[in-house]
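The values are calculated or read from the model by the stated rules, or taken from the named source; none is laboratory data. No experiment lies behind these values; they were computed from the predicted model shown. With ideal geometry, Cβ positions are generated from the backbone for all residues, glycine too; neighbour counts draw on all protein chains shown. Side chains are part of the model used for accessible areas, which takes the heavy atoms of the whole protein and leaves out ligands, DNA and RNA. Shrake-Rupley method; radii C 1.70, N 1.55, O 1.52, S 1.80 Å.
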Amino acid sequence: MDTATRILGQAFCDYPVFTATLTDPLRRQAALPLTFRSLIRQFAPRGGLDLLDREGEPVGAALWADGTQDEAGLLVSLRSGQLSFALAAGLRDAVALMRVQEGNVRVDREIIREPHAYLLALAVAPGHQGTGAGSELLERGLARVDEAGLPAYLETNLPQNVRLYRRHGFVVVRGAGTRVTTAGTCFALPAEPCPLRP
């Protein structure tokens, strides 16, 4: 888990939703690994956590959530470590991020109401981006999704990520200008399950 939290924390440090809500760069750097640790504890048991190593070096991580599970309550969030995150981020910034996440949940439910797999985070360590590691992680997760016969869903704040997801069968259902938060435009990309891969 430490490797995944480090990779996710590093890769998402400059991600728009986090820079807009966790405004202090030093606090953001300290808080992100804690929030990803909490998310892994909360969602990986039913969704999945994939780590990618190359030549013994960890280069990427992907966290999937089970889109059929109910929203986590306060007790579940506290048990999974959200209190540590809130203390590291600062109460004002932690509340700002939680409000964005609540808004995301509402919009997600409008877009996809059926059981699905949700790609919560996919990250490739700096220095390994552009090497196919993101595609490899995505293919691993989608193989499980295909086997389960579920659609997959994700969001990205970065338009440049859309090309990667389209190559893997995702389509944009809400795009530029249709969904704006304090962090900017979010793209929601659900996909039909792909055929099983050999």
Computed on alpha carbon atoms, what radius of gyration and Dmax characterise segment 1-52, expressed in Å?
11.2, 33
Go through 14, 24, 53 and list them by solvent-accessible area, largest first, probe radius 1.4 Å.
14, 53, 24
Within segment 1-55, which trypsin sites (Lys or Arg not before Pro) sit in a loop by DSSP and count at most 14 neighbouring Cβ atoms inside 10 Å?
46
Which residues qualify? For residue 48, with a placed amide H closer than 5 Å and at least 5 residues away or on another chain, they are 64
List the residues, sorted by chain then number, that are 5 or more residues from residue 121 or on another chain and whose placed amide H is less than 5 Å from its amide H.
63
